[in-house]
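Scroll down for the structure; my scribbles are underneath it.
The values are calculated or read from the model by the stated rules, or taken from the named source; none is laboratory data. This one's a predicted model, so the numbers in the text were calculated from it and none came from an experiment. Cβ: placed from backbone, ideal geometry, glycine included. Neighbour counts: every protein chain shown. Side chains included, ligands, DNA and RNA excluded: accessible areas come from the protein's heavy atoms. Shrake-Rupley method; radii C 1.70, N 1.55, O 1.52, S 1.80 Å.
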Amino acid sequence: RGSGESAGLVQIRPALRERVRFGQLNLCLPVEDIGPFDVVLLRNVLIYFDTATKAAVVDRVLSQLRPGGLFFIGTAEGRVACSTPLQPIGPGAFRKPLKGS
């Protein structure tokens, strides 16, 4: 936990921080060259797309999620249709099944 100017903030431990990457991308363009991912968070972003675009974006991103990986969307996103099977594990939280599951 932070102190002084950083009070109330937290920082990821160095060993984990080295394995985390943050970035920006256009969700309407191919994402094949940036995966695979263990976790994908699309919280409060899909609300800006129409139904067809939501499905395309989710399928595109999930194609790069590893089997067993976690996928999170905001509760404001509503139900998102996609061709990738997902196992619900909580509100807005899903797991991509392991191959053969």
Exercise. So what is the calculated 222 nm ellipticity per residue for the chain, using -39500 (n - 2.57) for each DSSP H run with n of 4 or more, over all residues, to the nearest 500 deg cm²/dmol?
Worked result: -4000 deg cm²/dmol
Problem set entry | Interchain or long-range residues, amide H under 5 Å from L65's placed H | F37
Exercise. Counting DSSP beta bridges with both partners in the chain, what percentage is antiparallel, nearest 5?
Worked result: 55
Seminar exercise, completed: Rg from C-alpha atoms of the chain, normalised by the globular rule of thumb 2.2 N^0.38 Å, equals 1.22
Problem set entry | Hz values of 3J(HN,Hα) by residue in the stretch 18-24 - Karplus curve (6.51, -1.76, 1.60), Gly and Pro given as x | 5, 9, 9, 10, 10, x, 10
For this session: Name the long-range amide H neighbours of V40: under 5 Å, sequence gap of 5 or more, or other chain; modelled H, no Pro or chain starts.
Result: L70, F71, F72
Problem set entry | Accessible area of the chain belonging to carbon and sulfur atoms, whole % at 1.4 Å probe | 54
Seminar exercise, completed: Given the candidates A55, V80, A93, the one whose Cα lies deepest towards the positive end of the charge dipole of the chain, counting +1 at each Lys or Arg C-beta and -1 at each Asp or Glu C-beta, is A93
